[in-house]
Amino acid sequence: MTAIEKVSNLRNELKELGYNNSKVSIKLDRGTFEESIWVNVKCETSREEFEKIRSIAKAYEEVDYHKGELLTGGNTYVFVQ
């Protein structure tokens, strides 16, 4: 799945739970070797709601390790704030 597809799927999944664009914004940063998905929770949410959003978003993170070392290239990081 490409990074653009991940962002689209994440938006749709959060929208189904009632978190539309006025409550949560999602931005894709693309670099040379990696992509980053930034999820910004705009509304006042409880700790439980924030953790729910965070766990859903983190499911789209892909980081490759080999023998305990981080591999360069092809990684997708997810940051929730």
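The values are calculated or read from the model by the stated rules, or taken from the named source; none is laboratory data. Quick caveat, the model's predicted, so the values are computed rather than measured. All Cβ positions, even for glycine, are placed from backbone atoms using ideal geometry, and neighbour counts span all protein chains on display. Keep in mind that these areas ignore ligands, DNA and RNA; they rest on the heavy atoms of the full protein, side chains included. Shrake-Rupley method; radii C 1.70, N 1.55, O 1.52, S 1.80 Å.
Nearest 10 degrees, 0 to 90: what angle lies between the long axis of helix 3-16 and the longest principal axis of the chain (Cα atoms)? Relative to the chain, helix 3-16 is tipped by roughly 20 degrees.
Sparsely packed loop sites in the stretch 1-72 (the chymotrypsin sites (Phe, Trp or Tyr not before Pro) outside DSSP H, G, I, E and B with at most 14 other Cβ atoms within 10 Å) comprise Phe33.
What the phi angles of the stretch 73-81 give under the Karplus curve with 6.51, -1.76 and 1.60, with θ = phi - 60°, is a coupling list of x, x, 7, 10, 9, 10, 10, 10, 9 Hz, glycine and proline written as x. Surface composition of the chain: carbon plus sulfur atoms contribute 46% of the solvent-accessible area (1.4 Å probe, protein chains only, all chains present). Backbone amide hydrogens, once placed in the peptide plane, bring Val78 within less than 5 Å of Ile37, excluding anything fewer than 5 places away on its chain. So what does log10 I(q)/I(0) come out to for the stretch 19-81 at q = 0.24, 0.29 Å⁻¹, using the Debye formula with one equal point on every Cα and no solvent? Debye output, listed in q order: -0.98, -1.22. For Lys6, the lysines whose Cα comes closer than 26 Å to its Cα, not counting residues fewer than 8 places off in the same chain, are Lys15, Lys23, Lys27, Lys42, Lys52, Lys58.
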